[in-house]
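Only one structure is covered here, and it is reproduced in the block below.
The values are calculated or read from the model by the stated rules, or taken from the named source; none is laboratory data. Since this is a predicted model, take the numbers as computed values, not measurements. Every residue, glycine as well, gets a Cβ built from its backbone with ideal geometry; the counts of neighbours run over all protein chains shown. The accessibility values were calculated without ligands, DNA or RNA, using every heavy atom of the protein model including side chains. Shrake-Rupley method; radii C 1.70, N 1.55, O 1.52, S 1.80 Å.
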Amino acid sequence: GVAKAASERMTERYPNLKIVGVRDGYFNKATHHPENEDVVSDINRMRPNILIAGMGMPLQEQWLRDNWDRIDANIALTGGAVFDYLSGELQRAPAWMTNNGLEWLGRLFIEPRRLWQRYLVGNPLFFGRILRDRITNRA
């Protein structure tokens, strides 16, 4: 219901906005599975100018990669938590944080149980791997 709530709030705020369809992301995403084929067919029937996929990372990116050549849309974007924010289900970090590259820190304060590992373990590991790669590739 989050995507539906987001679409309702957006059409209230922007009356000329045309949202041609909303669907949850709970379906079998295997490329030729009947549920996946139904989703692709529904998208193609609605022919959106902009398709926003919000299934969580990296699932949404993988799904678009696997299905993009069969989708009749001009632009595809991945949304992540955008529907949660637009629907009002999830609070955004304060503007001073989002405007200064610190939205991740604000999100960590808002959802510590869900995001602590991503930001406090995953990010240092990522930067450590970059550093290791830079050092090894210089030699």
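Okay, here's what the table says:
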| read-out | value |
| --- | --- |
| Among the candidates Arg92, Arg118, Arg114, residue that is assigned to a helix (DSSP H, G or I), closer than 25 Å to Lys4 by Cβ, open to solvent by 70 Å² or more (accessible area, probe 1.4 Å) and of a type in the set (D, E, K, R) | Arg114 |
| Residue count, region 121-139 (criterion: polar (S, T, N, Q) and open to solvent by 70 Å² or more (accessible area, probe 1.4 Å)) | 2 |
| Ser87, sole failed condition from (1) over 19 Å from Arg9 (Cα atoms); (2) in contact (Cβ under 8 Å) with a residue 12 or more places away in the chain; (3) polar (S, T, N, Q) | (1) |
| Count of region 48-66 residues which are under 18 Å from Lys4 (Cβ atoms), in a loop (DSSP other than H, G, I, E, B) and either out of contact with any Gly (no Cβ under 6 Å at 6 or more places or on another chain) or open to solvent by 60 Å² or more (accessible area, probe 1.4 Å) (or both) | 2 |
| Qualifying residue in region 24-37 (condition: surrounded by 17 or more Cβ atoms within 10 Å (Cβ to Cβ), assigned to a loop (DSSP other than H, G, I, E, B) and touching a strand residue (DSSP E or B) at 6+ places or on another chain (Cβ under 7 Å)) | no |
| Filter pass, Val82 being of a type in the set (A, V, I, L, M) and either farther than 30 Å from Arg118 by Cα or more than 14 Å from the chain's Cα centre (by Cα) (or both) | no |
| Conditions (1) within 25 Å of Glu8 (Cα to Cα); (2) loosely packed, with under 13 Cβ neighbours inside 10 Å; (3) out of contact with any helix residue (DSSP H, G or I) (no Cβ under 7 Å at 6 or more places or on another chain); (4) modelled with pLDDT under 95: number failed by Ile75 | (4) |
| Qualifying residue in region 40-47 (condition: in contact with a Leu (Cβ under 8 Å, 6 or more places away or on another chain), on the phi < 0 side of the Ramachandran plot, part of a loop (DSSP other than H, G, I, E, B) and free of Cβ contacts under 8 Å to residues at least 40 places away in the same chain) | no |
| Selected residue [open to solvent by 60 Å² or more (accessible area, probe 1.4 Å) and either at pLDDT below 95 or not polar (S, T, N, Q) (or both)] from Asp69, Asp84 | Asp69 |
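Residues checked against (1) free of Cβ contacts under 8 Å to residues at least 24 places away in the same chain; (2) open to solvent by 90 Å² or more (accessible area, probe 1.4 Å); (3) in contact with a Gly (Cβ under 7 Å, 6 or more places away or on another chain); (4) among the hydrophobic types (A, V, I, L, M, F, W, C):
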position	(1), (2), (3), (4)
Ala6	no, no, no, yes
Met10	no, no, no, yes
Pro15	yes, yes, no, no
Lys18	yes, yes, no, no
Val22	yes, no, no, yes
